[in-house]
Amino acid sequence: MCYIQVHQQFPMVMTMAKTAYLNTRIEPELKSEAEGIFRKIGISTSDAISIFLRQVVAHRGFPFPVLEPNEETIEALEEDWRALRGYRSGREMMRDILDESD
């Protein structure tokens with residue numbers, strides 16, 4: 001059972017039937033950090049995922065903005081990758097940067 005404080009005077013109790021499994025791969029550090037936060041607020045990782053999924057259903061999408069990059073952003077990212085090169089020293093990098101600004 002998961003208790004969610006929606007409003008101070010009206011706590012909402014949700015019962016969650018555990019009949020489906022969700023198997024996913026997560027970076028260990030991310031999982032550990034998230035679990036620490038969940039522990040502090042008194043819920044399990046399973047409860048947190050259930051809350052997230054309920055919010056996805058309620059919003060009929062992500063409960064926060066997830067945006068596709070526009071054409072300008074895509075071009076800038078591609079340009080950066082093409083321009084990416086290694087430097088042997090900080091001095092060499094600064095010389096290259098200063099040469100580009102002339």
Förster radius 35 Å - calculated FRET efficiency between THR73 and ARG95, Cβ distance, rounded to 0.05: 0.75
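Which order do peptides 29-41, 48-60 fall in by mean Cβ count within 10 Å, highest first?
In decreasing order of mean packing, 29-41, 48-60 become 48-60, 29-41.
Here, each number is a calculation from the coordinates, and none is a lab measurement. Because the structure is a prediction, the values reported are computed rather than measured. Heads up, the Cβs are rebuilt from the backbone with ideal geometry, glycines too, and the neighbour counts pull from every protein chain shown.
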